[in-house]
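Here the structure comes first, spelled out in structure tokens, and everything after it is commentary.
Where a number appears in this text, it was derived from the coordinates with a stated rule and is not lab data. Just so it is clear, the structure is predicted and the values come from calculations on it, not from any experiment. Don't worry about glycine lacking a Cβ; one is built from the backbone with ideal geometry, like all the others, and counts go over all protein chains shown.
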Amino acid sequence: TEWTPEQDWHDPRVVPYGPLSLDPATAVLHYAQEIFEGLKAYAHADDSVWLFRPEANAARMQRSAARLALPQLPIEWFTGSVKALIEADRAWVPTGEERSLYLRPFMFASEVFLGVRPSQHVTYSVIASPAGAYFAEGVKPVDIWLSSEYSRAGAGGTGAAKCGGNYAASLLPQQEAASHGCAQVAFLDSVEHRWVEELGGMNLYFVHSDGSIVTPELSGSILEGITRDSILTIAQDLGHDVIERKVSIDDWRDGVADGTITEVFACGTAAVVTPVGKLKWDGGEVVSAEGEPGKVTADIRGALVDIQYGRAEDRHGWMTRAV
Ligand code: PMP
């Protein structure tokens, strides 16, 4: 669908997948005025298809749009757009263990001009793609590289928005992590370089020996993960005290080393919940899991996945039926 100030959102349509043709002066190519979302549709045993918290993704896209000077897409348009793709062909939603249809809504500045100002022509689109288990080897601990030089986003910047530019900034540190044998990079805050923010594509949780679970409080430059938010609730359902507070890198390192932190896990739409194995940095490492995930991590993962696949009661009204 397209947006202009005169026509608002108009002309929604489902089209066969194919390339976009863009003028070289299309605004998004120069100033990265672009935002996106990621969510999944799950086939249940009775063949119905359900979306997990689509209105939370829609609301986050609205906040991202506000920060990027893009127009507001109504929540019903967002949910309707992903439903339309599933209605077009139900067979696109794969069935089976840990399989789902990944949906990627995105919005970009499509006006052709070279001046620096918000685009007066905007395009919103959704890609759908079948997804299998995120880690082919099963749910095994992933190793994390601590970025000593870079932050993902700064206070007052676009950090909490899900915009392409934030990911552009994270590509080099992510590449450094890979060169150290790590699947993800960990970012600290940009001012003191002390407070744990998140991973390249996931939020973080720390399980303490007293059963409490701590996640870094939202800082304005942490992405407000929908999985993160869901786990705040699920962990309480499972009887844990859940605390949002600042977590320093020393809290992480020392806590794992002295055993006050018993498990560390990361969470996001793609991998749901994944245990953290090693935290590595220039000159050292601490190990929080080897081999199998810890019990708390596995229980939280299981509780969330059971809701998503319709094997447990949807107590919090998170699932929306698509077809
Ligand atoms: N942080 C970052 C930087 C991400 O890209 C993602 C993935 N969207 C997350 C956290 C997790 O967010 P969600 O649970 O909404 O997928």
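Where is the GNM fluctuation largest for the chain (alpha-carbon springs, 10 angstrom cutoff): L199, L146, L85?
L85
Report, by chain and number, residues whose modeled amide H sits under 5 Å from the one on V276, excluding near sequence neighbours (fewer than 5 apart, same chain).
The list, which skips near neighbours in sequence, is V142, V264, F265, A266.
State, as an integer percentage, the relative contact order of the stretch 2-131 based on alpha-carbon contacts under 8 Å between residues 6 or more apart.
With pairs under 8 Å counted, the relative contact order is 34 percent.
Just want to confirm a number: the relative contact order over the stretch 142-308, from Cα pairs under 8 angstrom separated by 6+ residues, in percent.
24 percent
How big is the dipole moment of the stretch 1-61 about its Cα centre under a simple scheme where the beta carbon of each Lys and Arg is +1, that of each Asp and Glu is -1, and everything else is neutral? Debye, nearest 20, please.
Its charge dipole is roughly 260 debye.
Any chance you could tell me what percent of the C-alpha pair distances in the stretch 2-131 go past 23 Å?
For the stretch 2-131, the share of Cα pairs beyond 23 Å comes to 36 percent.
Taking the Cβ of each residue in T262, T269 as the centre, tally the other Cβ atoms inside 10 Å and list the residues starting with the fewest.
By the 10 Å Cβ count, ascending: T262, T269.
Taking amide H positions as placed 1.01 Å from N in the peptide plane, with prolines and chain starts having none, which residues 5 or more places from V323, or on another chain, fall under 5 Å of its amide H?
Here the answer is V49, since their amide H atoms fall under 5 Å of that of V323.
With r as the distance between the Cβ atoms of L29 and K295 and R0 = 41 Å, compute the FRET efficiency 1/(1 + (r/R0)^6) and round to 0.05.
0.25
Principal axes first, then extents: for the Cα atoms of the chain, list largest minus smallest coordinate on each axis, whole Å, largest first.
For the chain, the Cα extents along the three principal axes come out at 61, 50, 31 Å.
May I have the count of lysine pairs in the chain with C-alpha atoms under 22 Å apart, counting pairs 8 or more residues apart or located on different chains?
Lysine pair count for the chain: 11.
Using only Cα atoms, figure out Rg for the stretch 60-142 and give it as a multiple of 2.2 N^0.38 Å.
With N residues counted in the stretch 60-142, Rg over 2.2 N^0.38 Å equals 1.43.
How much length, in nm to one decimal, is gained on full extension between H10 and A178, taken as 0.36 nm per residue of separation minus their Cα-Cα distance?
56.2 nm
Take the Cα of V116, step 7 Å along the line toward its Cβ, and report every residue of the stretch 14-57 whose backbone nitrogen sits under 20 Å from that point.
Of the residues in the stretch 14-57, 25-35 have backbone N under 20 Å from the label point off V116.
Do the sum for the chain: with -39,500 (n - 2.57) for every DSSP H run of n ≥ 4, divided by all residues, what is the mean residue ellipticity at 222 nm, to the nearest 500 deg cm²/dmol?
-8000 deg cm²/dmol
In degrees, nearest 10, range 0 to 90: what is the angle between the Cα axis of helix 75-88 and the longest Cα principal axis of the chain?
With rounding to tens, the tilt is 80 degrees.
How compact and how long is the stretch 142-308, expressed as Rg and Dmax of its alpha-carbon atoms in Å?
14.7, 41
With a cut-off of 8 Å between alpha carbons and a minimum separation of six or more residues, what is the relative contact order of the chain in percent?
19 percent
Going by how many other beta carbons lie within 10 Å of each one, how would you line up S125, S148, fewest first?
Lowest count first: S148, S125.
Can you give the charge dipole size of the stretch 2-131 about its Cα centre, rounded to the nearest 20 debye, using +1 on the beta carbon of Lys and Arg and -1 on the beta carbon of Asp and Glu?
Dipole size: approximately 380 debye.
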